[in-house]
Amino acid sequence: PAHTHTKPFFLCSLQFFLLLLSPTKISLFSPMSNFLSNTNPNPNKSIEVNQPPTDSVSSLNFSPKSNLLVATSWDNQVRCWEVARDGANVATMPKASIAHDHPVLCSAWKDDGTTVFSGGCDKQVKMWPLMSGGQPITVAMHDAPIKDIAWIPEMNLLATGSWDKTIRYWDTRQSNPVHTQQLPERCYAMTVKHPLMVVATADRNLIVYNLQNPQVEFKRIVSPLKYQTRCLAAFPDQQGFLVGSIEGRVGVHHLDDSQQAKNFTFKCHREGNEIYSVNSLSFHPVHHTFATAGSDGAFNFWDKDSKQRLKAMLRCSQPVPCSSFNNDGSLYAYAVCYDWSKGAENHNPATAKTNIFLHLPQESEVKGKPRIGATGRR
């Protein structure tokens, strides 16, 4: 359907088949990429990650403990890079990769930074003991592709959201889920900041759970945005969440009834009459401001408390489908690639190069400011 950005499944299989037929195969992490031209085509002078995926990136996640970056992609791979930083100098080194049978849509780290979880169109989640060098094993299964996953350290459980209209909770030592929660529609996005979990589904449902009692819906909300939900981010203080949609708009929603006057929506990722999807929402881990990334190829930094845009970055040549801050907020990773929003007919393999970039946020870009016109100090 026109309103989804995911590739038709037959296209994924065809693409995989064509890759198999390709007469030349380059090893996944070829050192040749280090000898490419040094000119930086990125309009924001962001640093390019070495040897990016061969197809569009679906998720990016930094380790909670180190500058290890994981990307999942439509080429069925989960890749990890080591990011080394010395002042303004940043180097990226491919570390390892694993494969799924079909495109991978989502990823999450264990809170101790040892293990990566990945899920996607093969309807399973793999647990990859990355730091110990172990082999991945399947720890979760669904009846349809898995769209989002979250490790919940307070419960020692993995939550998985699928297009089979369920959320499932897994103890990774057991083969069956410890609980299956029915959803009204397909899961499109999920965000967890214990005890808060919010799940967005088709038909603009936003379902809030209190993970101290996960088997009961805490609240069901119709999205404040008029069109399909694309992304979510729980407030760092667990008092609410952000929701982004395909219409270039973000909603700021507080859960407490007494705070409803603070709810608002704002427009972003638009240019004249052109409206682009908001694909990614990420809170800064220190300042609690947030970044939006969109199909216009731009990312912006915002302060919800003063209702200000802190910094607008220049547009890249292709959409930004996903992004992630590292654990101290000194790095912001974002992918630049075709997002399939205009279907297979607008995909040109000759020009659709996939890149992952690293931006070094300046404090002025991500530190909150007092609201214009406000009196007193914050």
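Would you be able to say whether some residue in segment 193-204 is at pLDDT 95 or above and in a loop (DSSP other than H, G, I, E, B)?
Narrowing segment 193-204 to residues at pLDDT 95 or above: 193-204.
Imposing the further condition that a residue be in a loop (DSSP other than H, G, I, E, B) reduces the set to 194-195.
Yes, some residue in segment 193-204 is at pLDDT 95 or above and in a loop (DSSP other than H, G, I, E, B).
Looking for something open to solvent by less than 50 Å² (accessible area, probe 1.4 Å), under 30 Å from Asn156 (Cα atoms), in a strand (DSSP E or B) and not aliphatic (A, V, I, L, M) - is there at least one such residue anywhere in segment 256-277? Within segment 256-277, not a single residue is open to solvent by less than 50 Å² (accessible area, probe 1.4 Å), under 30 Å from Asn156 (Cα atoms), in a strand (DSSP E or B) and not aliphatic (A, V, I, L, M). In segment 88-113, the residues that are more than 20 Å from Asp55 (Cβ to Cβ) form Cβ pairs under 8 Å with partners that are β-branched (Val, Ile, Thr) and open to solvent by 30 Å² or more (accessible area, probe 1.4 Å), at six or more places apart or across chains, as follows: Val90/Ile47.
Answer with yes or no whether Pro370 is part of a loop (DSSP other than H, G, I, E, B), at pLDDT 95 or above and either open to solvent by 20 Å² or more (accessible area, probe 1.4 Å) or touching a Leu at 6+ places or on another chain (Cβ under 9 Å) (or both).
Working: part of a loop (DSSP other than H, G, I, E, B): yes; at pLDDT 95 or above: no; either open to solvent by 20 Å² or more (accessible area, probe 1.4 Å) or touching a Leu at 6+ places or on another chain (Cβ under 9 Å) (or both): yes.
No, not satisfied.
For segment 330-367, give me each residue that is at pLDDT 90 or above and open to solvent by 60 Å² or more (accessible area, probe 1.4 Å). Of everything in segment 330-367, those that are at pLDDT 90 or above and open to solvent by 60 Å² or more (accessible area, probe 1.4 Å) turn out to be Lys353, Gln362, Glu363, Ser364, Lys367.
Please state which one of Ile146, Ile137 is among the aliphatic types (A, V, I, L, M), more than 20 Å from the chain's Cα centre (by Cα) and farther than 24 Å from Asn67 by Cβ.
Unique residue meeting the criteria: Ile137.
Based on what the data block shows, is Thr72 hydroxyl-bearing (Ser, Thr, Tyr) and open to solvent by 10 Å² or more (accessible area, probe 1.4 Å)?
Working: hydroxyl-bearing (Ser, Thr, Tyr): yes; open to solvent by 10 Å² or more (accessible area, probe 1.4 Å): no.
Here the answer is no, as Thr72 does not meet what is asked.
All conditions in (1) in a loop (DSSP other than H, G, I, E, B); (2) open to solvent by less than 30 Å² (accessible area, probe 1.4 Å); (3) closer than 30 Å to Glu48 by Cβ hold for Ala144, with the sole exception of (3). For Ala159, the stated conditions hold: it is open to solvent by less than 50 Å² (accessible area, probe 1.4 Å), part of a strand (DSSP E or B) and of a type outside the set (Ser, Thr, Tyr). A Cβ distance below 8 Å, combined with a sequence gap of six or more or placement on separate chains, defines the contacts here; from segment 207-236, residues that are farther than 18 Å from Lys147 by Cα reach residues that are surrounded by fewer than 15 Cβ atoms within 10 Å (Cβ to Cβ) and of a type in the set (S, T, N, Q) in the pairs Pro224/Asn263. Scan segment 121-135 for residues that are touching a His at 6+ places or on another chain (Cβ under 6 Å) and on the phi < 0 side of the Ramachandran plot and the total you get is 2. Could you list, in sequence order, all residues of segment 107-132 that are open to solvent by 30 Å² or more (accessible area, probe 1.4 Å), within 11 Å of Leu158 (Cβ to Cβ) and out of contact with any Ser or Thr (no Cβ under 6 Å at 6 or more places or on another chain)? Residue satisfying the conditions is Lys110 alone.
The values are calculated or read from the model by the stated rules, or taken from the named source; none is laboratory data. Note that this is a predicted model, so its numbers are computed, not measured. Quick reminder, even Gly has a Cβ in these numbers, built from the backbone with ideal geometry, and neighbours come from all protein chains shown. Heavy atoms of the whole protein, side chains included, go into the accessibility calculation; ligands, DNA and RNA do not. Shrake-Rupley method; radii C 1.70, N 1.55, O 1.52, S 1.80 Å.
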